[in-house]
Amino acid sequence: MIEEFIKRIKQSRSYKKQIVHIEELPARSAIFGELEKPLPENLQKILLNQKIQFYSHQAQAINQVRSGKNIVIATPTASGKTLAFNIPVLEALTRDKKATALYIYPTKALTNDQLKVLKELEKESGIKADANIYDGDTPQHQRTSIRENSRIILTNPYGLHQYLPWHYKWRPFLSNLKFIVIDEAHIYRGVFGSNVAMVIRRLLRICNHYHTIPQIILSSATIANPKEHAKRLTGKDFEIVSNDGSPRGKKAFVFWNPPFVDSTNTLRRSTHQETKDLLTLNVLQNLQTLCFTTSRQLAELITRWTKEELTTKSKPAKVVTAYRAGYLPQERRDIENKLKNKNLIGVVSTNALELGIDIGSLDSVIISGYPGTVISTWQQAGRAGRSNLDSLVTLVAYQNPLDQYFMKHPSDFFGRPHEQAIIDLHNRYISLGHIMCAASELPINECDKQFFPELFATSIQALEQEKLVTKTPRGWVYSGTARTTEVVSLKNISDKTVTVFCNGNLLETLTLNKAYEEAHTGAVLLHQGETYICESFDLDQLVAKVKQENVNYHTEALKDVEVTISKTYEKSGEGAKAGLGELLITEIYHTYSTKTYDRVVKRTPLNLPPLTFSTVGLWFIIPDKVKEDIEGQGLDFGGGLHAVEHAMIAMSPIFAMCDRWDIGGLSTPLHPDTKKPTIFIYDGFEEGIGISETLYSKIRSLWEKTLELIDNCECREGCPSCIYSPKCGNENEPLDKKVASIILTEMLKFCATDEYSNREQIFDVPNRYQRTIDL
């Protein structure tokens, strides 16, 4: 069926040779394994009733858990990891009637999905575990009963972070804790992963207080460093289970590059329109399809456009819907069930459905734009063919440098190893915050270095200086007045949430920066493919009011960015000076564009107060002689700076595990702090997440790759494949490809090697922690 579908596409009149590569992933038979000793009769009965035979990696995992080892199961999507950890946990709970287990999931949707699995296993096995979810949605009147009676509790890192100060209420559960299960562990990387690693250490410290040493089971997608990642996440040693024994059907992985629409071969057809057409074709052929997009707004737009297209072809539009964060919990559950029950043929989602929520077997996956990492691409691709059936995956390229690079070099993608999952245990802000939290949970002593070996003494010293901890005979205790868990954020983003109402009813919630983009007065907010016009945006009350109105346009907010150097960690170089340090970023949203598809039809001024945040960034100064030579030739120096900034951001994911949307930039012919022409690249997260430090240490290599990208691009004056950016707040003006090449060539002459590694650690208490005294 899949081969016939591809053949039909190639024969259609609309086909313009968009398929640039098809990678055939062959079918694979199952490899089975054996348990070292039989399971209890009640669990054996489940296997017989469901005709389950363990795959080799499942049997290996169960044997390792039974022998008391911490394990990480690192196999692909849909390989049966859940069964591999549920069986030994339930077996232990069968043998020890007091034993408990804590399951930690990254999202509420996944938690709800896995509760159903556990309840079914409980019912079939007769084990009384009373599995329950304990998170922010759990009603207050049920919480005491769950803590006291449930032997399996499912939660998420955000909830766990909030509950640890109340550990005494959990004493019966924690005193008998035998297992901590951490599912989708590859998600815990970057700033979020570094915070979760500290939360796990705080949990293990409290378990130690109650005289328990729980066994830890991690489940992860395929990553390059599963053993190292597991140890960094928990501080414990692990055995690895990674040889996948599960079967799979044949999979066709198609690289789809939108066709050129101009005579000079510089402008390609919109990726969004190509995605809409492909999704429509899949749905018309009754191929159940999941389409991944790179943003909430695109998920809604592609859904809307696909519904409109299906209506013209006499196919009911209700078979397609959007799915993303921000929907109410019941809306998401309904969509998940309809997809699993085949009542929906197409769903357009952000990466919210990338994780292992059980939505059944799908025929096709469309990935609209490279997700930024090999890990995410294969996770999304793994959603197709979640059984022995043949399946189709289509990666639709954007006209940006990274996507176009893979379209031209598909073997580089398929031969590329999965990235490492990075956790930074030496991030001074993260360590400081969680050691402060630990001091509020139990008095902290020198013996607690076993849980916080990195930066322990320095953190205590800094907190003591700021009077946030006080030395007592029992150890250091927290002496601030605010709740530490309210001050320390797991994602280092604004904790302000904007609530959106329509006719007095709650529609959805948005973070403040998302509300600036999508819920300002006059904005078109998209929700489940429907359009809503924002009538008011109250920043004091954090409330937006919208009305439902069908319109054929959408809006896009534009912003200017100002960068101030707050503190310099390091400077390098002579003629071409580079620096690394703390930056204060000010974002000024000044205008929004009204667009029909990709065409701007109107611009309207915005009047919103600036958003500011502190982060870490790098900068480099262009030598005066380079500037003088370029301007002496009558060339656009400012356009060249701007082009270098765009292209460097585009190539950064090759060197740092990030997405181009995680990075900000600014270029200016004269910066007030440096008094020179300067280009800034910075982490787009408060306090930074380590991206800029990595790029700074590899700045020469980054310049080389960026120059190679620009010089090898076939365009004459610049295009989206080299120097144009989809996130530019100045609508990609001015840009000069020739000058960008000159600047980078000259910078490489000044900079001989990559030697920017001796960063001075300046250890300060962040302002948000100091606020605890005022509060």
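Just subtract the alpha-carbon distance of Asn337 and Thr612 from 0.36 nm times their residue separation and send over the number in nm, one decimal.
Details: separation 275, 0.36 × 275 = 99.00 nm, distance 4.09 nm.
Contour length minus the Cα-Cα distance gives 94.9 nm.
So which GluC sites (Glu not before Pro) in the stretch 1-73 pass both tests, a DSSP loop state and at most 14 other Cβ atoms within 10 Å of the Cβ?
Working: sites: Glu3, Glu4, Glu23, Glu24, Glu34, Glu36, Glu41; in loops: Glu34, Glu36.
Those satisfying the criteria are Glu34, Glu36.
Residues with amide H under 5 Å of Ala221's amide H, sequence separation 5 or more or different chain, H placed in the peptide plane at 1.01 Å from N; which?
Close amide H contacts, sequence-distant or interchain: Ala185, His186.
Considering amide H positions built from the backbone, and no H for Pro or chain starts, which residues 5 or more places from Cys719, or on another chain, come under 5 Å of its amide H?
Distant-sequence amide H within range of Cys719: Tyr724.
Magnitude of the Cβ-charge dipole of the chain, K/R +1 and D/E -1, about the Cα centre, nearest 20 debye? If you can, show how the numbers build up before the last one.
Values: 92 positive and 91 negative charges, 504 e Å.
My answer is approximately 2420 debye.
Starting from the exponent 0.38 and prefactor 2.2 Å, build the expected Rg for the chain from its residue count and divide its actual Cα Rg by it. Don't skip to the answer; put the middle values down first.
On the way: Rg = 26.9 Å, N = 775, 2.2 N^0.38 = 27.6 Å.
In units of the globular-protein estimate, the chain measures up at 0.98.
Given Cβ point charges of +1 (Lys, Arg) and -1 (Asp, Glu) and nothing else, what value in debye, to the nearest 20, does the dipole of the stretch 426-552 about its Cα centre take? All intermediate terms of the calculation are to be shown ahead of the outcome.
Numbers: 11 positive and 16 negative charges, 89 e Å.
Result for the stretch 426-552 is approximately 420 debye, rounded to the nearest 20.
Taking H placed 1.01 Å from N in the peptide plane, check which residues at least 5 places from Ala30 or on another chain put their amide H under 5 Å from its amide H.
none
Of the listed pairs Lys514/Lys698; Lys45/Lys227; Lys97/Lys236; Lys496/Lys675; Lys467/Lys577; Lys307/Lys338, which have alpha-carbon separations greater than 28 Å here? Don't jump to the answer; show the numbers that get you there.
On the way: Lys514/Lys698 32 Å; Lys45/Lys227 34 Å; Lys97/Lys236 26 Å; Lys496/Lys675 36 Å; Lys467/Lys577 39 Å; Lys307/Lys338 17 Å.
Pairs exceeding 28 Å: Lys514/Lys698; Lys45/Lys227; Lys496/Lys675; Lys467/Lys577.
May I ask for the distance between the Cα centers of the stretch 15-36 and the stretch 59-94, given as a whole number of Å?
After rounding, the separation between the Cα centres reads 25 Å.
Over what distance in Å are the Cα centres of the stretch 367-382 and the stretch 249-308 separated?
Each part's Cα centre sits 15 Å from the other's.
Projecting each Cα onto the charge dipole of the chain (Lys/Arg +1, Asp/Glu -1 at the beta carbon, about the Cα centre), which of Leu702, Ser56, Ile127 comes out farthest on the positive side?
Going by the Cα projections, it comes out as Ile127.
Helix-derived [θ] at 222 nm for the chain: sum -39500 (n - 2.57) over DSSP H runs of at least 4, divide by residue count, nearest 500? Mind showing how you got there, number by number?
Working: 26 runs with 280 residues, N = 775.
So the calculated ellipticity at 222 nm is -11000 deg cm²/dmol.
For the stretch 503-510, in order, what is each residue's ³J(HN,Hα) by Karplus, 6.51 cos²θ - 1.76 cosθ + 1.60 with θ = phi - 60°, in whole Hz (x at glycine and Pro)?
So the J values, rounded to whole Hz, are 6, x, 9, 5, 9, 6, 10, 9.
Under the √(5λ) rule applied to the eigenvalues of the Cα gyration tensor, what semi-axes describe the equivalent ellipsoid of the stretch 600-647? Give them in Å, descending. Please report the intermediate quantities before stating the final value.
Numbers: eigenvalues 185, 81, 19 Å².
Over the Cα atoms of the stretch 600-647, the ellipsoid semi-axes are 30, 20, 10 Å.
Given Cβ point charges of +1 (Lys, Arg) and -1 (Asp, Glu) and nothing else, what value in debye, to the nearest 20, does the dipole of the stretch 149-203 about its Cα centre take?
On the way: 7 positive and 2 negative charges, 52 e Å.
The calculated dipole for the stretch 149-203 is roughly 240 debye.
Per-residue HN-Hα couplings for the stretch 162-175, Karplus 6.51 cos²θ - 1.76 cosθ + 1.60 at θ = phi - 60°, whole Hz, x for Gly and Pro?
Whole-Hz 3J(HN,Hα) from phi for the stretch 162-175: 6, 8, 4, x, 9, 4, 4, 6, 9, 3, x, 5, 6, 5.
Rounded to the nearest 5, what is the percent of antiparallel bridges among the DSSP beta bridges in the chain? Don't jump to the answer; show the numbers that get you there.
Working: 74 of 124 bridges.
The answer is about 60 percent antiparallel.
Quickly work out the Ile213-to-Ser29 label distance, labels modelled 7 Å from Cα along the C-beta direction, and quote it in nm with one decimal.
4.4
Between Lys467 and Glu4, what's the calculated FRET efficiency when r is the beta-carbon distance and R0 is 60 Å? Round to 0.05.
Values: r = 72 Å, r/R0 = 1.20.
Calculated transfer efficiency: 0.25.
Say the dipole of the chain comes from +1 at the beta carbon of Lys and Arg and -1 at that of Asp and Glu; which of Leu558, Thr586, Leu93 then lies farthest toward its positive end?
Positive-end residue among those listed: Leu93.
Which of the listed residues, Ala352, Leu392, Thr306, is farthest toward the dipole's positive end in the stretch 305-401, when Lys, Arg count +1 and Asp, Glu count -1 at the beta-carbon?
Thr306
Could you tell me how far the Cα centroid of the stretch 95-109 sits from the Cα centroid of the stretch 548-626, in Å?
Between the Cα centre of the stretch 548-626 and that of the stretch 95-109, the gap is 44 Å.
Measuring with a 1.4 Å probe in the full set of protein chains, what accessible area per residue, in whole Å², belongs to the chain?
Details: 32310 Å² over 775 residues.
With all protein chains present, the chain gives 42 Å² per residue.
Summarise the accessible area of the chain (1.4 Å probe, protein heavy atoms) by the percent that is carbon and sulfur. If you can, show how the numbers build up before the last one.
Values: 15640 of 32310 Å².
Within the chain, the accessible surface is 48 percent carbon and sulfur.
Tell me which trypsin sites (Lys or Arg not before Pro) from the stretch 284-356 have a DSSP coil assignment and no more than 13 other beta carbons within 10 Å of their own.
Values: sites: Arg296, Arg304, Lys307, Lys313, Lys318, Arg324, Arg332, Arg333, Lys338, Lys340, Lys342; in loops: Lys313, Arg324, Lys342.
Answer in residue order: Lys313, Lys342.
Under a crude label model (7 Å from the Cα following the beta-carbon direction), how far is Ala224 from Glu446 in nanometres?
4.0
Each label point is 7 Å from the Cα along the Cα-to-Cβ direction; what then is the distance between the points at Asp130 and Gln330, in nm?
2.7
Which aspartates and glutamates, on any chain, are close to Lys571 with Cα under 16 Å apart, when same-chain ones fewer than 8 places away are left out?
Cross-link targets: Glu582, Asp673, Glu693, Asp754, Glu755, Glu760.
Highest mean first, what order results for 211-221, 9-19, 242-252 on Cβ atoms within 10 Å?
Numbers: 211-221: 20.8, 9-19: 12.0, 242-252: 18.5.
Listed from highest to lowest mean packing, they are 211-221, 242-252, 9-19.
Per the Debye formula with a single identical scatterer at each Cα and no solvent contribution, what log10 I(q)/I(0) holds for the stretch 510-582 at q = 0.15, 0.23 Å⁻¹?
Taken in order of the listed q values, log10 I(q)/I(0) reads -0.61, -1.02.
Please list, in order along the stretch 608-623, the HN-Hα scalar couplings obtained from phi with the Karplus expression 6.51 cos²θ - 1.76 cosθ + 1.60 (θ = phi - 60°), rounded to whole Hz, x for Gly and Pro.
10, x, x, 9, 10, 7, 9, 8, 10, x, 10, 8, 9, 9, 7, x
The values are calculated or read from the model by the stated rules, or taken from the named source; none is laboratory data. Keep in mind that what you see is a predicted model, and the values were worked out from it rather than measured. Virtual Cβ from ideal backbone geometry, glycine too; neighbours counted across all protein chains shown. Surface accessibility is based on the protein's heavy atoms, side chains included, excluding ligands, DNA and RNA. Shrake-Rupley method; radii C 1.70, N 1.55, O 1.52, S 1.80 Å.
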